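Notes for the one structure printed next.
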Amino acid sequence: MVELAIDWTLTENSVSRARGTMPLPEHLFQLYREEFDGAYQEGTQFVLTLHPQVIGHRAPMHHLDQLVAI
């Protein structure tokens, strides 16, 4: 078994803790997309950590679907 280290800045909880509210789905999508594109260009890994209490809502899930479809 191998554990991949996560980047806490790529969790929706890090954004919501800073504001004390649920993060805007558009902001999460933009952050994830830019980080994915950067990792792809560098040939490095992209580890996305999601939490069901946030990503399980309709709006964030819609944007996650967009990210995966790209």
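Before moving on, here are some points about what is shown:
- The order of the peptides 37-43, 56-62 by mean Cβ neighbours within 10 Å, most packed first, is 56-62, 37-43.
- With one equal scatterer per alpha carbon and no solvent term, the Debye-computed log10 I(q)/I(0) for region 20-60 at 0.16, 0.28 1/Å reads -0.47, -0.99.
- Extension gain for residue 53-residue 30 works out to 6.3 nm (0.36 nm per residue, less the C-alpha to C-alpha distance).
Taken together, the values in this text are just the output of simple stated rules run on the coordinates, not laboratory data. The structure presented is a predicted model; accordingly, all values stated were derived computationally and were not measured. Cβ coordinates were reconstructed from backbone atoms using ideal geometry, including for glycine residues, and neighbour counts include every protein chain displayed.
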